[in-house]
1. In this structure, is A:TYR164 more than 21 Å from the chain's Cα centre (by Cα) and either β-branched (Val, Ile, Thr) or buried (at least 22 other Cβ atoms within 10 Å of the Cβ) (or both)?
2. Could you grab me the full set of residues in the stretch C:135-163 that are aliphatic (A, V, I, L, M) and either outside any helix (DSSP H, G or I) or closer than 16 Å to C:LEU216 by Cβ (or both)?
3. Specify the residue that is farthest from B:SER224 (Cα to Cα); the eligible residues are those in the stretch B:302-345 that are in a helix (DSSP H, G or I) and aromatic (Phe, Trp, Tyr).
4. Identify the residue in the stretch A:38-68 that is touching a residue at least 40 places away in the same chain (Cβ under 8 Å) and within 14 Å of chain C (Cβ to nearest Cβ) and, among all such residues, is nearest to the chain's Cα centre (by Cα).
5. Sort through A:ILE369, A:ILE364, A:ILE324, A:ILE328 and tell me the only one that's within 13 Å of chain B (Cβ to nearest Cβ) and either at pLDDT 95 or above or outside any helix (DSSP H, G or I) (or both).
6. Could you please find all residues in the stretch B:301-348 being within 7 Å of another protein chain (Cβ to nearest Cβ) and β-branched (Val, Ile, Thr)?
7. Of all residues in the stretch C:121-138, which are out of contact with any helix residue (DSSP H, G or I) (no Cβ under 6 Å at 6 or more places or on another chain) and within 12 Å of chain B (Cβ to nearest Cβ)?
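The values are calculated or read from the model by the stated rules, or taken from the named source; none is laboratory data. All values derive from a computational prediction rather than experimental measurement. Please note: Cβ atoms are built from the backbone with ideal geometry, for glycine as well, and neighbour counts cover all protein chains shown.
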Amino acid sequence: MKKLNSYENLKKLVGSHYMQAKTAHFFNQKIGWVSSGAPVEVLRPFDIVTVYPENHASICGAAKQGSELCEAAEAEGFSRDLCSYFRCDRGSTLLGTSPIGGLPRPDFLYGCNNICGTILKWYEIASRHFDVPFLFVDTPFVHTTMTDHAVEYVAAQLEEIVPYLESLTGREFDEQKFTETLELSKTCVELWKKTLQFGAHKPSPLTCFDAFTQMAAIVSLRGTQEAVTHYKTLNEELESRIQKGIAAVDNEKIRLLWDNIPVWYAMRGLSELFENHQACLVADTYTNAWASAALDTGNPMESLARNYLEIYLNISMDLMLERIIALIHQFDVDGMVMHSNRSCKPYSLGQYDLARCIKEETGIPVVIIEADMVDSRTYAEEQARTRIEAFLESLG
Amino acid sequence: MKAALTTLDLQKYLDQKKKTMRIFAHFCSFTPEEVLHAAGILPVRIFGSNIIEKASAHLQSYCCSYAKRVLEAGLTNPFDGSVFVHSCDTMQRLSDIWGYSIDDGFHETLVLPVAVDKGIEYLTKELNRFTRGLEVYAGEISDTALKESISVYNDNRNLLQELYEKRKGGHILAVVVDKVMKASMSMLKQEHTVLLEEFLEEVELGEYSRPRLILSGSVVEDPSILEIIEEYGLICYDDLCTGSRYLSLAEEQSLRGIARRYQGMWCPCRTASAPRGQYLVEKAGEYDADGVILLLHKFCEPHLFEAVSIRNSLKEHGYPCLQLELEDQTSPEQVRTRIQAFCEMLEG
Amino acid sequence: MWCGIDIGAATAKLVLLENTVVAGIIIPSGFDTVKTAEELVEHGLEKAGILRKDIQCIVATGYGRRMVPMADRTVTEITCHARGAHYLDNEVRTIIDIGGQDSKGISLDATGKVTDFVMNDKCAAGTGRFLEVMARALEVELGELGTLSLKCEEKVAISSTCTVFAESEVISYKNQGKKKEDIIAGVHEAIASRIYAMVHQIPIQEKIMVTGGVALNRGMVRALERKMEKEVEIPGDPQIVGALGAALLGRESQSIKKGSFS
């Protein structure tokens, strides 16, 4: 795998982000634990330090500490069939360890069920453990179309959070700062969208494995200047790769679309496997989930509500299928790899029917591999490898 | 016992009803059955069978058996329509999958709020959207018809509450309670009410003995587990979707009334004002129970998440708790051993 | 004389008790449980030199307890293990029983009463069955595992918890030329962590006694001790603790019938 120079940049960025979180209390800043699908823009004007337990769990997974941390949660009595991000986070809380030494203690939790119902249960447990409030924004699922009453409901909840944050931080809500945050968030999302669109170039200058790493900033630092600066640099690098004719995978022959959360502990092995077959995963449904935002600074709460309601895991399979087919055409892929992820039911249940529809509607083949995002104990590497190789052989 | 309700062949009853009424499948205690009733539709709660063949082509191995069972039922014998509500992640996706693989005349998902308390306004509007959508299929649903249906449901649920009151004084076999509850969830309400009245008059209470158990969980699809448990102890109260979770009444006879009714129903898929364990401790006191059995579906996230804190609070208050995590194919001998050992422990 | 019969998934055990243990017998569980039980009793009578009528009460326990026709009563192996272990050492507060098909953790109080227990789910990981599968994959005798693993130099990490996946992992290590001793140590470690995660749900209080056939495997016991950071006790004959408890329960309360609800 050809490493992007921006990889080092990102490492620094993420490192200093967690460092800032660790020292936040020393500087009298408040810390919020935030779910990946929560409208973080509302917190930014209060100068709150945000950390993302999901991102933290993915770091544990990539460092191959996932199983060990999961075991600690299991020893407390949590079922092995529960989400491994949760088990990993819970284990890290119990043991006080992780590759970054555990997350700092939160002052409050902020989460949305737009990525899963799991967030509700997970954060309830954390809220009881730390004895801190849980700000829950209920985001009704978009079954066929987004309803006006759902938008009103979400916008009203966002309005209600503001006074709480004012009393927590002792600061007044700064409208000016809020507008700036929304602008930064919008710019950041646009830059990220551009990053991913480089994958449409033939040969592609990046693979989804690059995107999985680079997404850390769009998830955890959305609405900040640092994230905007980072993605500008990244896009320049990708632009220059194209100009110099540098491909992420030499002699790119097969172009693929990835579905679902990465198999964090197996990233290297999988990326080499595809590379050896001159196959490039040029796009994925996961990182694209952060690539749409039509934020309207004139009507901020309502536009946040709309944006966060229609994120990828909060929409029906019909709407998912539309987006997948759009990606297939936009990136001109030859096949699709679905990760059937034991830990993520909203992402994985339905894949069998989606795979069938994709084959019928676009004619491209789909392979499904079963794994888990951070719990390597349920992953049968050899079986997955054989399945992928056979799939690539059939395409090649 | 001779009451007609205890000997009723539900399948035969439904086969008969099918000739005169449209039957809709539903899957959750939060289904607005009253609205369907007002539209002249018979809502039938589906439990499926344990032979899974067709559903495996649509659902992964790590999906709970309830979703598999009901999908299998739909794929085998389609209904006139189906109504899902947003309960857990699995049931939400199952609604999508159902739409892709089963061609029924009406398929809708009521997108329930997760935070029912603060979502009453939203929920009332969502119920209204659902009702107007159903009207396109079934014709006008007047306010009068809706009011009447809500009364019919309240009457029935009042009687079901009476049944649960009786359980405090003496024993009623859990399989019998299960049968009464499931019949209520599947029969035309007013017809069930007639049988239920007769049942309540005739029911003879069994001996009050120990150990007394509370059974807590979601859906009990197959009542044979109840029989195994009652070989060793008595189930004096349940905290199940196929039991007490169905009992609460609608105080206003309107869509808002239906919405408010959901506020009083506890479910791990909703936000709760207090931890679940507290509720069970209260009920254990009220029903003079010796211990609690948590009957959970393997892969059922909402319930499995809560199990740890429930067990801890029960323990704190001196109530032993046995967690049974079942998948359809779990060896019954292992399950029996746990139940027997648990009751041996309670007997001391 | 009192008799306890423990029909497990892999082996069937019998204990005859007077003032002390008169006979202890272990035979493989046959396909036909009734026959196995009859065979056990026959062996027992022969060994003790007594007649059937000398036995006052038979208590059956274990997976096949309900299939023992001559039993006066059935009691689960959880209650029986607690009773048996308490008889052997009244300071035991935690029992870890690793059987052929089940493994369990049992908490008991100073009087030998069960206060809490956990059992593995239907999955075979963390049971004797897991060891059997791995022994076969490595082409070694089940009884050799313990001694071999103690010669381990560099333990191999087995990451899969599923028996089927773990077997293929073991085979691939074998093909990579890893030493048998090192792989076996890894297998023990995997089981130990599985059992630890389960038993941790009840309080692990000392003294801890390990029972069941797997307790004979020294390597396995060491791995478990390392994982728990606590020492454990192995009774002289760890396989018959359940049958012993059954016989004891028979002696204590012949009058109690088969269970008040059946």
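1. no
2. Start the filter on the stretch C:135-163 by keeping residues that are aliphatic (A, V, I, L, M), which leaves C:135, C:137-138, C:140, C:142, C:145, C:148, C:150, C:156-158.
Of everything in the stretch C:135-163, those that are aliphatic (A, V, I, L, M) and either outside any helix (DSSP H, G or I) or closer than 16 Å to C:LEU216 by Cβ (or both) turn out to be C:ALA135, C:VAL140, C:LEU142, C:LEU145, C:LEU148, C:LEU150, C:VAL156, C:ALA157, C:ILE158.
3. B:PHE305
4. Selected residue: A:GLY61.
5. Numbers: A:ILE364 fails: within 13 Å of chain B (Cβ to nearest Cβ); A:ILE324 fails: within 13 Å of chain B (Cβ to nearest Cβ); A:ILE328 fails: within 13 Å of chain B (Cβ to nearest Cβ).
Criteria check complete, one pass: A:ILE369.
6. Selection gives B:VAL308, B:THR330, B:THR337.
7. The answer is C:ASP121, C:LYS122, C:CYS123, C:THR127.
Rundown of residues vs (1) farther than 23 Å from B:LEU159 by Cα; (2) hydroxyl-bearing (Ser, Thr, Tyr), yes/no style:
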| position | (1), (2) |
| --- | --- |
| B:SER248 | no, yes |
| B:LEU255 | no, no |
| B:ALA259 | no, no |
| B:THR271 | yes, yes |
| B:GLU282 | no, no |
| B:GLY291 | yes, no |
| B:LEU294 | yes, no |
